[in-house]
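Notes follow once the structure below has been shown.
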Amino acid sequence: MKGFEIYKSIDELDTESKYLIHKAKEAAHHAYAPYSKFHVGAALLLDDGTLVTGSNQENASYPLCMCAERVALYSAVSQHAGKRIIKMAIVAHKKNHKELSAAASCGACRQVMAEFEERQQKPFEIVMHHTDKQWIKCASAASLLPFVFTKDSLNE
């Protein structure tokens, strides 16, 4: 697959990715997920070494929920304007908080991530838990959403 690397275990990942995964796991404990019981955490590394985390926040009116990825991205830009995102890690826990679950980003998050890359004019890596103990490292958000909707889509 183009733009992806698959790792058989977390031990195969680089130190920076492992650190972000650890921070994403911590962030997942702050999720508000009383309906789905699916706790997601995201951790971003900015170009100056700043760490920003986010967790999913549910609402009884489901469309008003916010995914961990977008919480982290919007926090980063609002609290650390002008800093570039270097890498993002995403993890999810099932209700028992003991086992990780696959954590591929939803389409809305992929769209937002791709626009953040466009805004900063540079891609950022994404590390996600895949199946069993496998991890996926993506070279960019654009590789997750190859036919992204951009500002150019609005111009005729």
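The values are calculated or read from the model by the stated rules, or taken from the named source; none is laboratory data. What you see is a predicted model, and the numbers here were worked out from it, not measured in a lab. All Cβ positions, glycine included, derive from the backbone under ideal geometry; neighbour counts span all protein chains shown.
Can you work out which of the residues in segment 105-125 that are hydrophobic (A, V, I, L, M, F, W, C) and free of Cβ contacts under 8 Å to residues at least 40 places away in the same chain is farthest from residue 44 (Cα to Cα)?
First, the residues of segment 105-125 that are hydrophobic (A, V, I, L, M, F, W, C): 106, 108-109, 112-114, 116, 124.
This time we only want the ones that are free of Cβ contacts under 8 Å to residues at least 40 places away in the same chain, so: 106, 114.
Details: 106: 17, 114: 15 Å.
Among them, the one singled out is 106.
In segment 58-78, of all residues being farther than 17 Å from residue 112 by Cα and of a type outside the set (A, V, I, L, M), the one that is surrounded by the fewest Cβ atoms within 10 Å (Cβ to Cβ) corresponds to 61. Among the residues here, residue 72 does not qualify as out of contact with any helix residue (DSSP H, G or I) (no Cβ under 8 Å at 6 or more places or on another chain) and aliphatic (A, V, I, L, M). Of the numbered criteria (1) in contact (Cβ under 8 Å) with a residue 12 or more places away in the chain; (2) outside any loop (DSSP other than H, G, I, E, B), the one residue 18 fails is (1).
Within segment 45-82, count every residue that is touching a residue at least 24 places away in the same chain (Cβ under 8 Å) and among the hydroxyl-bearing types (Ser, Thr, Tyr).
As a first pass, look at segment 45-82 and keep what is touching a residue at least 24 places away in the same chain (Cβ under 8 Å): 45-48, 50-58, 60, 62, 67-73, 76-77, 79-80.
After this cut, where a residue has to be among the hydroxyl-bearing types (Ser, Thr, Tyr) as well, the list is 50, 53, 55, 62.
Count: 4.
Is it the case that some residue within segment 143-156 is at pLDDT below 95, in contact with a strand residue (DSSP E or B) (Cβ under 9 Å, 6 or more places away or on another chain) and closer than 19 Å to residue 43 by Cβ? So far as segment 143-156 goes, yes, one or more of its residues are at pLDDT below 95, in contact with a strand residue (DSSP E or B) (Cβ under 9 Å, 6 or more places away or on another chain) and closer than 19 Å to residue 43 by Cβ.
Rundown of residues vs (1) closer than 20 Å to residue 120 by Cβ; (2) in contact with a strand residue (DSSP E or B) (Cβ under 8 Å, 6 or more places away or on another chain), yes/no style:
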| position | (1), (2) |
| --- | --- |
| 13 | no, yes |
| 26 | no, yes |
| 33 | no, yes |
| 40 | no, yes |
| 44 | yes, yes |
| 48 | yes, no |
| 57 | no, yes |
| 60 | no, no |
| 63 | no, no |
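Has segment 100-110 got at least one residue that is more than 25 Å from residue 148 (Cα to Cα), over 13 Å from the mean Cα position of the chain (by Cα) and surrounded by fewer than 22 Cβ atoms within 10 Å (Cβ to Cβ)? For segment 100-110, residues more than 25 Å from residue 148 (Cα to Cα), over 13 Å from the mean Cα position of the chain (by Cα) and surrounded by fewer than 22 Cβ atoms within 10 Å (Cβ to Cβ): present. Answer yes or no as to whether residue 127 is under 18 Å from residue 22 (Cα atoms) and at pLDDT 95 or above. Taking the combined requirement at face value, the residue satisfies it. The set of residues from segment 21-61 being aliphatic (A, V, I, L, M) and outside any loop (DSSP other than H, G, I, E, B) comprises 21, 24, 27, 28, 40, 42, 43, 44, 45, 46, 51, 52.
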